[in-house]
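Peer 1: Attaching a single structure in structure tokens format; questions to follow.
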Amino acid sequence: MVVAFLLLMVGFFVKAAVVPFHFWLADAYALAPIPVGVLFAGVVSELGLYAVARVYWTVFSGPLAGGAGLRAVLLLGAAATALLGGVMCVLQHHLARMLAYATVSHVGLTLAGFALLAPDGLAGAVLYLVADGLVKGALFVSIGLVQHHLRDIRELELHGRGRNLPWAAALMALGALGLAGVPPFGTFRGKALMEEAATAAGHPWLTVLFVAVAALTSAALLRAAARVFLGIGVPRIDALRHRAPAAPHPHIHATLVGPAVLLLAGALAIGLAPGLAGRAEAAAERFTDRPAYAAAVLQGATGEAATTTRHARGSLAVPAALAVLSALLGAALALAALLPRRRPAGRLTRAAGRVWAPTAAALRDLHSGNVGDSVAWLVVGLAGFGTLLALVAR
């Protein structure tokens, strides 16, 4: 049973781009046409996570019941995915690759909700998954708008050239806030449910993870938007290289902006719909009730799933404050990356630079795009998850 679950889980983790099975994602996003990127960001990774949840609760939740060890293994994978994806997102200057690593990072956050192995965590993960997919889809459309008019999606090459694209600037800024999970976006509702479920399950550290990852991914998008659309920051390209001028007040077709607006409106609707969190929890209880699901499929039963005792839902004031904190931290990180240093670096700054520079170089080298490296990490991930699952299943 453990080996069967391992092989199924790893196969779906490749689809979802969970670390260390994520190496294919950035190259696929960078080379795919923008409409395909919208589907990648909003559908493909989410289906991988859904498959893990469906297979676990339908087949393995009985044999692997009481899985505190399984929860720890899945949370470890979720934390590694969220943090590595967030750091790699900050290191990117190709806008499509930036969104690719934002997707990896937020897959980790969604997996954390699944990993709690409880209906309330699953409900929050599903809300977050759908809303985050809508936000990233809108961001891909905004990148397509930039590419259509400026013929480039590299942040450094586009310095200041997007000043006459206010629609694209607004969409990217709103998308960055959506990634940060600021209310009233649906990402906020899902994140608040997952944070509440994590605290109830004895894992309050997940709240810190959510804040840090939201700050990193939103910082990357805000930095790119400020550089491309506002011309903030010193252009870090060769001064002898020819730079094309800004687009002369291009005509923006509704067919380019409309899809992004509709996607963002969907993400906002998830956050504003009254009673949606309660309905999501009720649906999650039906989803996780293995005997009721088996009876419905095998015997045609139509009865309601047994309801579990729900803990009292707390105020949204603290999750909202944390979401705003994530956005502010993201804005501060973006400004720190853009503004030139006016004072000599202090001892602490120099020490941080000595650590950060080789770490960033090592991470870039690790993501070489070589298919042999991807296969090697697939084997390493399979062996690592297999060893951990074998240990916790003893």
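The values are calculated or read from the model by the stated rules, or taken from the named source; none is laboratory data. If you're wondering where the values come from, they're calculated on a predicted model, not measured in any experiment. With ideal geometry, Cβ positions are generated from the backbone for all residues, glycine too; neighbour counts draw on all protein chains shown. The accessibility values were calculated without ligands, DNA or RNA, using every heavy atom of the protein model including side chains. Shrake-Rupley method; radii C 1.70, N 1.55, O 1.52, S 1.80 Å.
Peer 1: Being farther than 30 Å from Leu339 by Cβ, out of contact with any strand residue (DSSP E or B) (no Cβ under 6 Å at 6 or more places or on another chain) and surrounded by 24 or more Cβ atoms within 10 Å (Cβ to Cβ), is that true of even one residue in region 145-159?
Peer 2: No: region 145-159 contains no residue that is farther than 30 Å from Leu339 by Cβ, out of contact with any strand residue (DSSP E or B) (no Cβ under 6 Å at 6 or more places or on another chain) and surrounded by 24 or more Cβ atoms within 10 Å (Cβ to Cβ).
Peer 1: In region 21-51, which residue that is surrounded by 23 or more Cβ atoms within 10 Å (Cβ to Cβ) and outside any helix (DSSP H, G or I) is modelled with the lowest pLDDT?
Peer 2: His22
Peer 1: I've got another one for you. Cβ-Cβ under 6 Å, sequence separation 6+ or interchain: first residue in region 201-226 and more than 22 Å from Pro319 (Cα to Cα), partner among the acidic types (Asp, Glu). Which pairs?
Peer 2: From residues that are more than 22 Å from Pro319 (Cα to Cα), the pairs are Ala224/Glu155.
Peer 1: Let me ask another. Of the conditions (1) modelled with pLDDT under 90; (2) surrounded by fewer than 24 Cβ atoms within 10 Å (Cβ to Cβ); (3) within 26 Å of Leu276 (Cβ to Cβ), Ala65 clears all except one; give me its number.
Peer 2: (3)
Peer 1: Taking the condition open to solvent by 30 Å² or more (accessible area, probe 1.4 Å) and either part of a helix (DSSP H, G or I) or hydroxyl-bearing (Ser, Thr, Tyr) (or both), does Leu174 pass?
Peer 2: For Leu174, the condition - open to solvent by 30 Å² or more (accessible area, probe 1.4 Å) and either part of a helix (DSSP H, G or I) or hydroxyl-bearing (Ser, Thr, Tyr) (or both) - is met.
Peer 1: Conditions: (1) closer than 18 Å to Leu116 by Cα; (2) assigned to a helix (DSSP H, G or I); (3) under 14 Å from the mean Cα position of the chain (by Cα). Val18 meets all but one. Number of the miss?
Peer 2: The failed condition is (2).
Peer 1: Here is a check on your reading of the model: is Thr103 under 19 Å from Gln147 (Cβ atoms) and either in a helix (DSSP H, G or I) or modelled with pLDDT of 90 or more (or both)?
Peer 2: yes
Peer 1: Next question, about the same structure. When you look at Pro274, is it in a helix (DSSP H, G or I) and at pLDDT 80 or above, yes or no?
Peer 2: no
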